[in-house]
Structures are given as structure tokens and as C-alpha cells.
Amino acid sequence: MDLRRGWTRGILSAVALLTMVVGICGCGRTISGSAYPAGSGTGGTVSTNFDKLLRECEVVTLKDVEKAVGEGAFVLPSFYGAVCMWDLEGAPGGNAMVTLNWYEIGSLNNEKTVNDRLGYTTTNITVEGRRALETRRPNDPDSCGVSAGAADQGVIGFWVNYRPGSSHPDPCGAAKKLVELTLNLAR
């Protein structure tokens with residue numbers, strides 16, 4: 001029995017020592033660079049006062065979403081958080097989904113880089129006199145995203161996703177219309 005206890009203590013001690021060494025090595029490295037507060041270096045300030053949290057989800061009305069995606073669709077808000085999402089029942093070709101993203105700190109160049117990394121096709125277009133990006137996923141004619149610089153700073157974008165294989169209008173046209181409405185209302 002004493003031999004068994006000795007082995008057990010030895011194994012537990014080795015595991016504890018190994019865990020400590022891995023923890024120290026993993027946390028013991030220095031990352032180069034400088035830390036900056038939110039909004040530094042972006043040309044503007046970022047509000048950390050969250051009194052208008054989720055108000056961006058109201059930048060276009062439910063009726064505007066319906067008109068852009070297809071008359072007769074019943075629009076239901078489905079998620080308000082880091083992005084805003086709406087489910088559409090009875091959209092052309094069946095149900096659909098619309099997603100709005102609004103990044104206060106962001107750029108179209110960064111969006112293009114991410115799209116390229118994901119293997120998406122990105123085309124430069126103009127929306128409300130601004131440079132914008134039209135983005136499509138490979139082999140997915142049922143969805144499209146359009147992103148543009150926000151009215152003040154950052155990037156806004158809409159994605160429209162129709163039911164795969166359904167008969168529907170061009171999702172890029174709907175996404176572009178929603179971005180137009182957003183930029184027009186944000187002035």
C-alpha cells in the first residue's frame with residue numbers, strides 16, 4: 001500500500017509541476033505594441049456611454065425592410081445585439097433573413113481583407129455617393145451583402161439571404177437599397 005501511495009503522490013506532483021510550467025510559459029510572454037483607449041487613432045471618438053444601445057436597429061423601419069426585400073413579406077425582428085436581424089415570412093421565393101451590422105471602428109479596406117480571407121467575391125460599387133462593397137459568397141446566388149462607410153465613422157452593412165434555390169429578386173439590390181436608406185437617414 002505504501003508503494004502505491006508513493007507512486008500516486010509522485011504522479012500527482014509531476015502533473016501539478018507540469019501544469020504550473022505550462023501556465024507560466026503560456027502567460028509569460030510579452031506582446032509588442034502599445035495599448036490605446038477605444039477610439040484612439042480613428043479620427044474620432046467612440047462613445048462608451050451606452051444610453052442608445054440597440055438604437056441602430058431602428059435606423060430603417062420594418063416597412064422599409066419589407067419594401068427593399070419584397071412587398072408582402074411579414075418582417076419580424078429576430079435578434080438585436082451585436083448585429084440586428086429580421087426574419088421575413090412570405091418574402092418572394094419563401095422566407096428570408098436580413099442582417100444589419102454597424103461597426104463604429106472599422107473600414108471598408110478591413111472588410112475587403114476579411115472578405116478575401118473568407119473567399120468571398122467583393123466588387124466596388126457606389127452607394128449614396130460613397131464607395132461601397134458588394135459581397136457574394138461562392139456558389140450562393142441567394143444571398144448578398146453591401147457595406148459602406150457610415151455617415152460619421154465606421155462601417156455599416158446589410159446582408160440579405162433568400163431561401164436557397166428559390167425564385168426571388170436580386171439580393172444585392174435589396175441589400176444596396178437598405179444601405180441607401182441607412183446612409184440617407186444618418187445624414
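The values are calculated or read from the model by the stated rules, or taken from the named source; none is laboratory data. Bear in mind the structure is a predicted one, so any value in this text is a computation, not a measurement. Quick reminder, even Gly has a Cβ in these numbers, built from the backbone with ideal geometry, and neighbours come from all protein chains shown. Each accessible area value is taken on the protein alone, full model and side chains, heavy atoms only, with ligands, DNA and RNA left out. Shrake-Rupley method; radii C 1.70, N 1.55, O 1.52, S 1.80 Å.
Here are the numbers:
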{"quantity": "Residue in region 133-147 that is surrounded by fewer than 19 Cβ atoms within 10 Å (Cβ to Cβ) and small (Gly, Ala, Ser) present", "calculated": "no"}
{"quantity": "Of all residues making up region 83-122, the number that are part of a strand (DSSP E or B) and either open to solvent by 20 Å² or more (accessible area, probe 1.4 Å) or in contact (Cβ under 8 Å) with a residue 40 or more places away in the chain (or both)", "calculated": "18"}
{"quantity": "Residues satisfying the stated conditions in region 72-82, i.e. modelled with pLDDT under 85 and within 16 Å of Leu178 (Cα to Cα)", "calculated": "Ala73"}
{"quantity": "Tally of residues being within 26 Å of His168 (Cα to Cα), more than 12 Å from the chain's Cα centre (by Cα) and among the polar types (S, T, N, Q) across region 78-132", "calculated": "7"}
